[in-house]
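Here is the structure we will look at, set down as structure tokens.
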Number of protein chains: 2
Amino acid sequence: MTQPGAGTTPGMDRHEFRRELAQQLRVDSVRCSAQAGSGHPTSSMSAAELMAVLLDGHLRMNIDNPKDPKGDHLVFSKGHASPLYYSCLKAAGAIDDGELLSYRRLGSRLEGHPTPRVPWVDVATGSLGQGLPIAVGLALCAKRLDRLPSRAWAICGDSELTEGSIWEAFDHASFEKLDNLIAIVDVNRLGQTGETMHGWDLDVYAERARAFGWEAIEIDGHDVEAIDDAFGRATRESGRPTVVLARTVKGKGAEEVEDKPGKHGKPLEDPERAIEQLGGERDLQVRIAAPDTAGERHRFEPPGGEPPSFDLGDEVPTRKAYGQALKALGDTRGDVVALDGEVSNSTYSELFRDAHPDRYFEMYIAEQQMIAAAVGMQRRGWKPFASTFAAFLTRAYDFIRMAAVSRANLRLCGSHAGVSIGEDGPSQMGLEDLAAFRAVHSSTVLYPCDANQTVGLVELMADRDGISYVRTHRGATPVIYDPNERFEIGGSRTLRDGDDVTLVGAGVTLHEALAAAERLEEDGVHPRVIDLYSVKPIDVDALGRAGSETGAVVIAEDHWIDGGLGDAVLTALADAGVSAQVRKLGVRDMPGSGKPDELMREAGIDAEAIATAARELVGAASLA
Amino acid sequence: MTQPGAGTTPGMDRHEFRRELAQQLRVDSVRCSAQAGSGHPTSSMSAAELMAVLLDGHLRMNIDNPKDPKGDHLVFSKGHASPLYYSCLKAAGAIDDGELLSYRRLGSRLEGHPTPRVPWVDVATGSLGQGLPIAVGLALCAKRLDRLPSRAWAICGDSELTEGSIWEAFDHASFEKLDNLIAIVDVNRLGQTGETMHGWDLDVYAERARAFGWEAIEIDGHDVEAIDDAFGRATRESGRPTVVLARTVKGKGAEEVEDKPGKHGKPLEDPERAIEQLGGERDLQVRIAAPDTAGERHRFEPPGGEPPSFDLGDEVPTRKAYGQALKALGDTRGDVVALDGEVSNSTYSELFRDAHPDRYFEMYIAEQQMIAAAVGMQRRGWKPFASTFAAFLTRAYDFIRMAAVSRANLRLCGSHAGVSIGEDGPSQMGLEDLAAFRAVHSSTVLYPCDANQTVGLVELMADRDGISYVRTHRGATPVIYDPNERFEIGGSRTLRDGDDVTLVGAGVTLHEALAAAERLEEDGVHPRVIDLYSVKPIDVDALGRAGSETGAVVIAEDHWIDGGLGDAVLTALADAGVSAQVRKLGVRDMPGSGKPDELMREAGIDAEAIATAARELVGAASLA
């Protein structure tokens, strides 16, 4: 089971080497936390033998090329044990002792919780319960997309098993038969504030894991022979994922902290004494086993095809255009994959599923696992598009936030935005998505109003870095753009020129703004109409010019009044240094059920409301 | 087991009555969906017998007083089965047939998914996986706070068992020994787009439930005798919650849809034929069993005490002041309760826990369950305060969004906001919370800068309706307000008067703004400084006056640049009709680790950056 080529030291048998290596990892964890004056040494010390044995022969990784798709993944789901992780990197020769001691200092890539600024880190962790679901994505991707024997090892804390996302991961991993996934749970019994719910009752966790279709192995997490045996069993092909439940002692080896409450997340008071009790500093090096070089990464041969196009005046829902555009992307690119949260007939990702079933992942109603899987897949070089109702992406907001810390390139689609969905009512209406996504680092927020524009923007998302988000509507909107029109991210379209007032809309409200403009013209008011399809980045120039030339701006959005399109426009005007009278129209009261046009009228975001606001602004301006 | 006093009809035995009642519920579900032209009749038809038996003798509810704390709760976790729920209300005499047929029409309280606009609805559902965790909160509250034999019944779909939040609920319910909680799972095998992960394999669900410490009973969900028996067993005191796993057929009883894929979420094409196959319309009435009138609601006798106060100039973290204020609220009010996500020594809710252990709920690392429990508790009239790191409240964003649809009154605290936490790095930094909470309906967003202000605002939260949120910082800030100062929600404080430029800050940046003001005065620039502790609602008057009198506004926030304080101020200025040059300072680049002051400097939100921006604006203004 243990791979050849792993490191040993003359005069030491392998078990002895691993015990010594574990002590070194503890000492280095204590040292770097002491130097930083903060960190989680005790959560690191409990898992030292687990990591020593993993590094010495079980983990297969090309340390000089951590992006090698044949290598294994090591995901520290318990990201606060970063001292242990960085100590492992030092033992493996990836970083030196000087860098280890830069831990948590400004400018150091060894942050308080691991991020991919360190190239051996696949994904950022530190929000508990995320590493294992992402490891599911990595293992799923290796098995079904790359078709390589890469494994994903997730080091979990026992405290994080209370996160529901962990059980989404357990559910999906067994359903997908991921025997290339191994979860190692460091059951050190003590959480941040006290004992965990289940303490050292490993049987409780084992029963749950087995009921969720996993192999479960219970061991003493400080017994290197037992660990070696468990990892060997875990890596046999069984058709099932394996969890190794390791009973450990928090702060193991240092009297000051060993198995003591109140010692979470702080450096030791007397690190020197602890280092002495741990047998002093060591300088052992471990040679990580190389990945199997056999086999080639699978590539999908795209069948070829043309992007969809729609005739001017046709009525097409943007969500349907999304599905068609996504399917067409899959026709021409083999690297595009799709995921959906069991609503693919609503988001229309079913069009991709039906055309490219090998590249489609049904994630069922588990939005957190869906985003986590996408994060794993993009790490292995694929281009995942994940979709569900905009409202239900809020379920995964912490995962999306963390994906940004992971520097992930994700493409997300939220359908059924706004009150204009109609009868289903507020639980199904995405009304906070623009605000939520604007406040994600690295995000791009797109909001098309017609089918051809949707196609153009979805194509641009495929090669966009960061988290890109497209918002689609349930109902049909008329096609107003020619299929040959090209859109750029950060742009806008001025659809009607006028100097009395600017009407800004996007998606369904763009059409309301156009209708309002007709009514205003009848009154002799000449409005400018801007289609703000790119909410972030935003077209500061066009908005600044409009604000300055018309002096009055009405923004209408099918979204809560705060944080969305209106706020984005206000910021753009401020950035342009332009002063204008601005009226934001958005949803202010909790909607109920009703027909789309009834609800838009009630919310005050329809053509009539836009025209009224514009008349008031223009009247106020002419009085001023 | 079956309660006396339940409804029967002459000439029908009880089982026959229930079978007939079930058919009526199906017919009415078909009728109201047909009338609406939308809805989920097939998801309703599968659970008709389950509901018929529940209503007839097992559920105990004062239909004329649904808020009676002795009554049971009926939570439709599968909220899309609203036709069934409303048909139940009709059968119980709560609504009439005319109202039933108003389903999904504008103005009708019978929305597409149930909300508490209907008084028998405890909480809004429709985002799957939320009803059961909220039922955990209701059951926990009945048992530990009210100490009444009220039960919570949650009707779940099988599709929603893939949501991790369901397993958080399973975990907590058994840990808390909630034998007053019964989950009924309508295993109809078919999700929205196809078969569920586990189809009709009830054993899989039963094994998982048992591993999570529940009683699990598997039955044929169309067999009224088996259902009656199961509910009887479920309501015996066992020290454990019970799940009834009912194998059912989606669309049962109507050939057009029965057990057919592609029939989710749409009305029947031929409702008349289905009604005929179901035996036609009926007008059965069921008398819901009355709650046990014995026992009195428990009240906690508060020990009395004084709110904390802090001396001017002392350095105190606002998170610590939060904990002290919360503990003091508990000293004077028996209705205040607290929950925390296993970080109570970081948020300082441990001060409440230690003083009022009977009113403190450790929710471990399960933020979704934490919010759900709080939603349940507020429904029963308590005043829950729930806390964790601001960053980790994003984990529960869907629950918070839905709490607003539930018209819930929640008090939330997010600690460790912003880059100013320092070394722990971005995974632990709340940088999107202001944007996220501003975009929650009914929200109040508070952001104190010192300890006395924190105390005053936390006191105001206790009686505030809607979702109120207070953001606290990790590090100490100087006390600048007298303990006797009174703050109002929607207000602000102008701490320094000047007419050259306005500096707006809150929390940690307020102190930076004050320091910037000192530097600007040295340059002969006279800044106004506003403490914007109430981000929503916002002080439009004070900001409008400041904007108009100074013509230049700099806003600094320890938050992503989009969606937070800056956007709120821009909206206030627009609402005031005031034009001013505005410069937003916020976090634009992904932070790493470092000392708080280093990270604030790097983010460009410290005194120096504020002073520089102010100088630039004033310079630009004097050039203009």
Quick check on packing: order B:267-279, A:237-249, B:76-88 by the mean number of other C-beta atoms within 10 Å, highest mean leading.
B:76-88, A:237-249, B:267-279
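Grab the other residues whose beta carbon is less than 12 angstrom from that of B:Cys156, score K and R as +1, D and E as -1, and report the net.
Neighbourhood net charge equals -3.
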Computed about the Cα centre, the charge dipole of segment B:473-624 from +1 Lys/Arg and -1 Asp/Glu charges at the Cβ has a magnitude in debye, to the nearest 20, of 240
What average number of partner chain Cβ atoms lie no more than 10 Å from the Cβ of the residues making up A:587-600?
4
The simple spin-label model distance between B:Glu549 and A:Arg144, using points 7 Å out along Cα→Cβ, in nm, is 6.3
Going 7 Å from Cα along the Cα-Cβ axis for the label, what nanometre distances separate B:Thr332 from the same residue across the other copies?
6.7
Multiply the residue gap between B:Asp292 and B:Glu488 by 0.36 nm, knock off their C-alpha separation, and tell me the result in nm, one decimal place.
66.2 nm
For A:90-100, B:13-23, ranked highest to lowest by mean beta-carbon neighbours within 10 Å, the order is B:13-23, A:90-100
Mind checking the mean number of beta-carbon atoms from other chains within 10 Å of the Cβ atoms in B:393-406?
6
Could you let me know the centre-to-centre spacing of segment A:460-525 and segment A:400-418, using Cα atoms, in angstrom?
23
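List, in the order given, every pair from A:Lys78/B:Lys320; B:Lys67/B:Lys252; A:Lys90/A:Lys536; A:Lys584/B:Lys584 whose Cα-Cα distance in the structure shown is over 30 Å.
Where the Cα-Cα span goes over 30 Å, the pairs concerned are B:Lys67/B:Lys252; A:Lys90/A:Lys536.
Compute the FRET efficiency between B:Phe300 and A:Glu269 as 1/(1 + (r/R0)^6), taking r as their Cβ-Cβ distance and R0 = 41 Å, and round to the nearest 0.05.
On the way: r = 39 Å, r/R0 = 0.95.
The calculated FRET efficiency here is 0.60.
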Where the only charges are on Cβ atoms (+1 Lys, Arg; -1 Asp, Glu), what is the dipole of the protein assembly as shown about its Cα centre, to the nearest 20 debye?
980
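About its Cα centre, how strong a charge dipole does segment A:298-359 have in debye, to the nearest 20, once Lys and Arg get +1 and Asp and Glu get -1 at the Cβ? Working shown, then result.
Working: 7 positive and 12 negative charges, 39 e Å.
Result for segment A:298-359 is approximately 180 debye, rounded to the nearest 20.
Can you give the FRET efficiency for B:Glu608 and A:His526, using 1/(1 + (r/R0)^6), R0 = 51 Å, r = Cβ-Cβ distance, to the nearest 0.05?
Numbers: r = 46 Å, r/R0 = 0.91.
The pair B:Glu608/A:His526 has a calculated efficiency of 0.65.
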Is segment B:313-355 best put as rounded, prolate or oblate by its Cα gyration tensor, with a ≥ b ≥ c the root eigenvalues, rounded for a/c under 1.5, and otherwise prolate when a/b is larger than b/c, oblate when not?
oblate
Subset of A:Lys263/B:Lys327; B:Lys143/B:Lys177; A:Lys595/B:Lys260; A:Lys143/A:Lys177 violating a 20 Å alpha-carbon distance limit:
A:Lys263/B:Lys327; A:Lys595/B:Lys260
Select from B:Phe399, A:Met51, A:Asn65 the residue farthest towards the positive end of the dipole of the protein assembly as shown; place +1 on Cβ of Lys and Arg, -1 on Cβ of Asp and Glu, and compute about the Cα centre.
A:Met51
Which distances, shortest first and in nm, link B:Asp270 to the matching position in the other copies, using label points set 7 Å out along Cα to C-beta?
8.7
Tell me the net charge near B:Asp398. Cut-off is 12 Å between Cβ atoms, B:Asp398 excluded, with +1 for each Lys or Arg and -1 for each Asp or Glu.
-3
Charge tally for neighbours of B:Lys78 with beta carbon under 10 Å away, counting Lys, Arg as +1 and Asp, Glu as -1, is -3
Assuming a ≥ b ≥ c are the square roots of the Cα gyration tensor eigenvalues, decide whether chain A counts as rounded (a/c under 1.5), prolate (otherwise, with a/b larger than b/c) or oblate.
prolate
Just to confirm my numbers, what's the Cα centroid distance between segment B:326-394 and segment A:579-597 in Å?
34
Amide H contacts under 5 Å for A:Val553, placed H, 5+ residues apart
A:Thr502, A:Gln581, A:Val582, A:Arg583
Placing the label point 7 Å from Cα along the Cα-to-Cβ direction, what are the distances from B:Ser309 to the equivalent spots in the other copies, shortest first, in nm to one decimal?
7.6
Out of residues 5 or more away from A:Ser443 or on other chains, whose amide H comes under 5 Å of its own, with H placed 1.01 Å from N in the peptide plane?
A:Ile467
Using the Cα gyration tensor of segment B:349-432, with a ≥ b ≥ c the square roots of its eigenvalues, what is the shape: rounded (a/c below 1.5), prolate (a/b larger than b/c) or oblate (neither)?
oblate
Rounded to the nearest Å, the spacing of the alpha-carbon centers of segment B:20-58 and segment B:197-220 is 24
Determine, from the Cβ-Cβ distance of B:Asp314 and A:Asp96 and an R0 of 41 Å, the FRET efficiency 1/(1 + (r/R0)^6), rounded to the nearest 0.05.
0.40
Among the aspartates and glutamates, select those whose C-alpha is under 14 Å from the C-alpha of A:Lys266, and discard any that sit fewer than 8 residues away in the same chain.
A:Glu256, A:Glu258, B:Glu423, B:Asp424
Let me confirm one metric for peptide A:105-113, namely the mean number of other chain beta-carbon atoms within 10 Å of its residues' beta-carbons.
6
Please list 3J(HN,Hα) in residue order for segment B:474-490, calculated via the Karplus relation 6.51 cos²θ - 1.76 cosθ + 1.60 where θ = phi - 60°; whole Hz, with x for glycine and proline.
6, x, 6, 10, x, 6, 10, 10, 5, x, 8, 5, 10, 10, 10, 5, x
Minimum Cβ-to-axis distance in chain A for the rotation onto chain B, with residue, whole Å
A:Gly164, 1
Cβ crowding within 10 Å averaged over residues, with B:27-36, B:603-612, B:121-130, B:304-313 ranked highest first:
B:121-130, B:27-36, B:603-612, B:304-313
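Every read-out reported here was derived from the displayed coordinates using simple, explicitly stated rules and does not represent laboratory data. Please read all numbers here as calculations on a predicted model, not as lab measurements. Here the Cβ is made from the backbone with ideal geometry for all residues, glycine too, and neighbour counts use every protein chain on show.
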